[in-house]
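See below for the structure under consideration.
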Amino acid sequence: MKAIITVIGKDKSGIVAGVSGKIAELGLNIDDISQTVLDEYFTMMAVVSSDEKQDFTCLRNEFEAFGETLNVKINIQSAAIFEAMYNI
């Protein structure tokens, strides 16, 4: 399983630590990560994977709830969506 996680919100300390901790807690591995601060807004994209099949509805709910605790918006999408777009 491979997925793309995006994080967007007002910049503050601890966002990367919190999100990466949640990723590990959910049994996902970070394969690639990019982050930047645009003006005063934090943005991050991460490619994550797991050897096991994951329930995206459950993962999405976990990340959305966790994002609220950090005051950021966290989204996860299957990488298969992006791969299918390029195969059309």
*Of all residues in the range 1-41, which are part of a strand (DSSP E or B) and more than 19 Å from Gln77 (Cα to Cα)?*
Lys10, Thr36, Val37, Leu38, Tyr41
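For the range 21-54, which residues satisfy the criterion of being open to solvent by 90 Å² or more (accessible area, probe 1.4 Å) and of a type outside the set (A, V, I, L, M, F, W, C)?
Matches in the range 21-54: Glu25, Asp32, Gln35, Asp39, Tyr41, Asp51, Glu52, Lys53.
Going by the structure shown, is Thr69 of a type in the set (S, T, N, Q), at pLDDT 95 or above and part of a strand (DSSP E or B)?
So Thr69 fails the test.
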_Please count how many residues of the range 11-20 are surrounded by 11 or more Cβ atoms within 10 Å (Cβ to Cβ) and either touching a strand residue (DSSP E or B) at 6+ places or on another chain (Cβ under 6 Å) or closer than 14 Å to Asn71 by Cα (or both)._
6
*Name every residue in the range 55-69 that is open to solvent by less than 60 Å² (accessible area, probe 1.4 Å) and either in contact (Cβ under 8 Å) with a residue 60 or more places away in the chain or in contact with a strand residue (DSSP E or B) (Cβ under 7 Å, 6 or more places away or on another chain) (or both), in order of residue number.*
Phe56, Leu59, Phe63, Phe66, Gly67
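The values are calculated or read from the model by the stated rules, or taken from the named source; none is laboratory data. Source: prediction; values computed, not measured. In this analysis, Cβ positions are derived from the backbone assuming ideal geometry, glycine residues included, and neighbour counts consider all displayed protein chains. Just the protein is used for accessible areas: all its heavy atoms, side chains included, with ligands, DNA and RNA removed. Shrake-Rupley method; radii C 1.70, N 1.55, O 1.52, S 1.80 Å.
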